[in-house]
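Data block below; observations after.
Read-outs: derived from the displayed coordinates by stated rules, not from any lab. Everything numeric here is computed off the predicted structure, so don't read it as measured data. For neighbour counting, all protein chains shown are included, and Cβ atoms are generated from backbone atoms with ideal geometry for every residue, glycine included.
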Amino acid sequence: MTTITKERPPRLDHPDIGKAMPLSDEDTLLIEQTRKENEALSEDERRARFDNIISKSGRCGFASSGQYDYILNTNPRKTYTVTINTDWRRGVEHGFYTDTYTAPAGGKVMLGCTQTNNIPVTKYIRKVVGEV
């Protein structure tokens, strides 16, 4: 039997979760690439997209098989409050929760690792579901 819950599972805590981080060269390239893609879209298609995206980098979690998730704000002029939905799975248990973060204009915010460092491993999939 599968358990579905909105409760938070144990997660890999990191002192930088929710904090603004410096942009890497890869982040800058991804932001530019995203801006160019958005410029090619129609006005309606642009309105249907978020300025904030999830990027992954580095290694973390059990056997270093996870990656760190970050919010990248591709808008250089606007700070957003970003809502992130996190789906998680640990064995047969799974669920989701939402958090909000402040993403500075053109900035980067750490969300955490895509998996925990303990057994059983909890895996996380994050997506942007809102921005204001």
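So the values come out like this:
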| item | result |
| --- | --- |
| Inter-label distance, nm, simple model (7 Å from Cα along the C-beta direction), residue 38/residue 81 | 2.0 |
| Segment residue 20-residue 57, length gained on full extension (0.36 nm per residue, minus Cα span) | 11.8 nm |
| Percent RCO, i.e. relative contact order, over the chain, from Cα pairs under 8 Å lying at least 6 residues apart | 34 |
| Debye log10 I(q)/I(0) for region 3-131, one point scatterer per Cα, at q = 0.12, 0.15, 0.18 Å⁻¹ | -0.48, -0.72, -0.98 |
| Sum of -39500 (n - 2.57) over DSSP H runs of 4+, divided by residues of the chain (222 nm, nearest 500) | -4500 deg cm²/dmol |
| Nearest-20 debye value, region 3-131 charge dipole, Cβ charges on Lys, Arg, Asp, Glu | 300 |
